Amino acid sequence: MTLARFLATWRGLTLENRFHRVVLLGLLASNLVAALALLSAERTVVLVPPGLEGPVEVARESAAREVKEAWALYLAELLGNVSPGNAEFLQRALEPLLAPELRRAVTEVLAYQVREIQRENVTLTYLPRSVLYEPETDKVFVTGAQTSAGPAGKPQSRVRTYELTVAFRHYRPVVTHLDVYPDEPRTRERLGTRGPAPPEESR
C-alpha cells in the first residue's frame, strides 16, 4: 500500500489529525514560552543624545558612562549659571531629578541660595573645562571656572567642582549624590595621597 492510499483511508486521516494536534500544541507552547521571555526581559534603549558622538545604551536601572557624564555636565552647567532672573526656574528644574533621600537637603540649600542671589543681585557663570568619571565610586566630577559678578563689585573667578552620582531608575536619571566645592576633583586617588578633604564650602 502506498502512502497516498494509506492517508486516504479513515485510519490514515485519524493518524494525520493526531500528528497535527501534537504539532499545534508544540507550537502553542513554544509561542507561550517566547512571549513570557519577551515580557520578562529587560529592554535596553539605544540613544544618540545631543553632545555625544555615537549611540549609547540606557537600561532600566543603568546607563553607559557617556550618558552619566552628559547628565552630570548638564546639571553642573544648570547649577553653575545662576542669575536673579532664573534662580527659581533652576530650583524647579532640578527638584524632579533628585533622589528622594537627597531632595529635601538640596532643595533647602537651593532655596537659601536663591534668596541670597536675588537679595544681592549676583550673577554666577560657570565654564566647565573637564569631566572625569570614576568607575570605582560611579562618580562624575565636572571641574571648571566659577565667576560671580554683582552690581558694585569686580567679577571674581575661582575653580569649582561639581561631584555627582547619576543613577537610573525606570530609564530616568536620578541624582543620588551631589557635592560642590572650590577645589580640584576629590577622587579616591587624590584623597589617598592628600588625606581627608578640607571642610566643605557652603553651597
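Results for (1) modelled with pLDDT under 85; (2) of a type outside the set (A, V, I, L, M, F, W, C), shown as yes or no for each residue.
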site	(1), (2)
Ala99	no, no
Ala105	no, no
Arg129	no, yes
Gly144	no, yes
Pro151	yes, yes
Gln156	no, yes
Arg169	no, yes
Asp179	no, yes
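Pick from segment 82-133 the residues that are basic (Lys, Arg) and under 22 Å from the mean Cα position of the chain (by Cα): which of them is farthest from Pro185 (Cα to Cα)?
Ranking the qualifying residues of segment 82-133, first place goes to Arg92.
Taking segment 74-122 as the region of interest, how many residues are of a type in the set (Val, Ile, Thr), part of a helix (DSSP H, G or I) and without any contact (Cβ under 8 Å) to a residue 60 or more places away in the chain?
3
The values are calculated or read from the model by the stated rules, or taken from the named source; none is laboratory data. If you're wondering where the values come from, they're calculated on a predicted model, not measured in any experiment. Neighbour counts are summed over all protein chains in view; Cβ atoms, including those assigned to glycine, are modelled from backbone coordinates with ideal geometry.
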